[in-house]
Amino acid sequence: MKILEKFPDTITIILVITLLFIGLTWIIPSGEFDRTIANGTEKIIAGSYKSVQASPQGIKAFLEAPIKGFISASQIIAFVFLVGGAFSIINMTGAINAGLFNVIEFSHKRPKHKIFIVPFLIVLFSFAGATFGMSEEILIFILITVPMAKAMGYDAIVGAAIPIVGTGVGFGGAFSNPFTIGIAQGIAQIPIFSGMEYRIFVWFILTTCACFVITHYAIKIGKDPKKSLLFGIADEKENSNLETSDFKLDTARKIILYALFTTILILIYGVSNYNWYINEIAALFLALAIFVSIVYRMSISKAIDAFVLGAKDMMTAALVIGLAKGLLIITQEGKIIDTILNSIVSITQNTPKAVSAECIFFFQSFLNFFIPSGSGQASLTMPIIIPICDASEISRQMAVLTFQLGDGFTNLIIPTSGVTMGALSLAKIPYSKWFKWMLPRMVVFLIASMLLILPPLYLFNW
């Protein structure tokens, strides 16, 4: 693991991987599946794979990848800037810090209850990922959970892991996520959100694992800060001033916190019932920022200054998201994704059910490196996976389960996940430190997933 100590910064890593992907386009044969559009969703036609003329990428593709990535990810990048600016206005009021100060006061007065705050928040984020598919939205909460964790005596890794890992295990063990379960079951032609009973069990087990691995680390560094992987880094040396500043929870700040809580509830309701996405969520937080500035009697010039300052703080995260999207475009233009997809077909043919299911799971996990989007991966792979599962006498519910587990966890560690890399940038956590921390936890999640795949194959019909 010492090599990780010398890892370059996140942007350098993404640029190196971009070069690697360009190299793969010269090595992996180009190929394509035929596709069709059904109900507005692009689907692959099983058995239609064919080789096509090679499309190796070069220096021109490398130089164009960033701008193409920014164009492709323009919506989420704009979202990051707007929400960052909105949160800067909220932070200017001191309401969030006042609320955090009260949580910390509670933990100091009742130290035995302090550690329960971490798993409680993990469960909330996991539930959000499992129900309405929270993903990009975690960038909002990084701005809250990281300073909270530091003030409680933990480090930024704990603060970032709460929303990143919490939402990730919820996404992987989802039971009503419309972006993964809904699309995958629709393609599989089984009732939407059916088989929920076992998926709830899967979600419970995986969420319990997340609570354990994060809380165990939090307890360890709470007792000895030197055991933090970030110990000695400048940002971690800076002590929180929550205990030394004036953070009285006055009426205005209480109203602002109630408004923030109400906004989050509206967000959940809108996403779950009206399919809200980036545009609606950004508008919601802009409305919140306007309301907050009025309640706190903030002048227009002061509010605008705070907004601009918050948007500036999002610059690194926006760069990371755009560059990560750009390197994925190279694999698409190099026409190697379908070739990788087709290779799994031959591997899983004529093998025992358990072997086939586990192979599909690991294939989905590997493919996630290239296609971090859950909905995109479902549309791409399910038309191929379904015939494989049918031939292996694996139920279509199992096909969906192996897909969602494979899609859910590698996003927590792969550098091609714009959301994870953006969140780490906001939390000011070097990717090398996160990788070192996350790798053993990832092994736990992968083993748990492999075991959870087995019961429906042998213990009951699903």
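The values are calculated or read from the model by the stated rules, or taken from the named source; none is laboratory data. Note that the coordinates shown come from a computational prediction; the quantities given were computed from them, not determined experimentally. No Cβ is skipped: glycine too gets one built from the backbone with ideal geometry, and neighbour counts run over all protein chains shown. Each accessible area value is taken on the protein alone, full model and side chains, heavy atoms only, with ligands, DNA and RNA left out. Shrake-Rupley method; radii C 1.70, N 1.55, O 1.52, S 1.80 Å.
Between Thr41, Thr18, the distinction of being modelled with pLDDT under 85 and β-branched (Val, Ile, Thr) belongs to Thr41 only. Here is the figure for the stretch 145-203: residues that are within 14 Å of Asn411 (Cβ to Cβ) and polar (S, T, N, Q) total 3.
Taking the listed residues Gly173, Gly195, the one that is open to solvent by less than 30 Å² (accessible area, probe 1.4 Å), at positive phi and either modelled with pLDDT under 95 or in contact with a Ser or Thr (Cβ under 8 Å, 6 or more places away or on another chain) (or both) is Gly195, with no other qualifying. Considering (1) open to solvent by less than 60 Å² (accessible area, probe 1.4 Å); (2) under 28 Å from the mean Cα position of the chain (by Cα); (3) farther than 25 Å from Ala318 by Cβ, the lone condition that Ile96 does not fulfil carries the number (3).
Taking (1) within 18 Å of Lys433 (Cα to Cα); (2) open to solvent by less than 20 Å² (accessible area, probe 1.4 Å); (3) outside any helix (DSSP H, G or I); (4) not basic (Lys, Arg) in turn, Ala161 satisfies each apart from (3).
Against the condition part of a helix (DSSP H, G or I) and either acidic (Asp, Glu) or open to solvent by 60 Å² or more (accessible area, probe 1.4 Å) (or both), how does Phe285 come out, does it pass? Here the answer is no, as Phe285 does not meet what is asked. Would you confirm whether any residue within the stretch 109-120 is open to solvent by less than 40 Å² (accessible area, probe 1.4 Å) and within 19 Å of Leu426 (Cα to Cα)? Taking every residue of the stretch 109-120 in turn, none turns out to be open to solvent by less than 40 Å² (accessible area, probe 1.4 Å) and within 19 Å of Leu426 (Cα to Cα).
For the criterion of being outside any helix (DSSP H, G or I), touching a Pro at 6+ places or on another chain (Cβ under 9 Å) and surrounded by fewer than 21 Cβ atoms within 10 Å (Cβ to Cβ), Gly133 fails. Suppose the filter is open to solvent by 20 Å² or more (accessible area, probe 1.4 Å), charged (D, E, K, R), within 28 Å of the chain's Cα centre (by Cα) and at pLDDT below 85; does Asp313 pass it? Yes; evaluated as a whole, the condition is true for this residue.
The set of residues from the stretch 316-343 being under 21 Å from Ser51 (Cβ atoms), among the β-branched types (Val, Ile, Thr) and either open to solvent by 10 Å² or more (accessible area, probe 1.4 Å) or outside any helix (DSSP H, G or I) (or both) comprises Ile336, Ile337, Thr339, Ile340.
Could you list all residues from the stretch 347-373 that are part of a helix (DSSP H, G or I), open to solvent by 10 Å² or more (accessible area, probe 1.4 Å) and farther than 17 Å from Ile394 by Cβ? Hits for the stretch 347-373 are Ser365, Phe366.
Counting only helices (runs of 4 or more DSSP H) that sit wholly inside the stretch 387-462, those with at least 2 residues that are open to solvent by less than 10 Å² (accessible area, probe 1.4 Å) and under 18 Å from Phe201 (Cβ atoms) are 396-409, 431-453.
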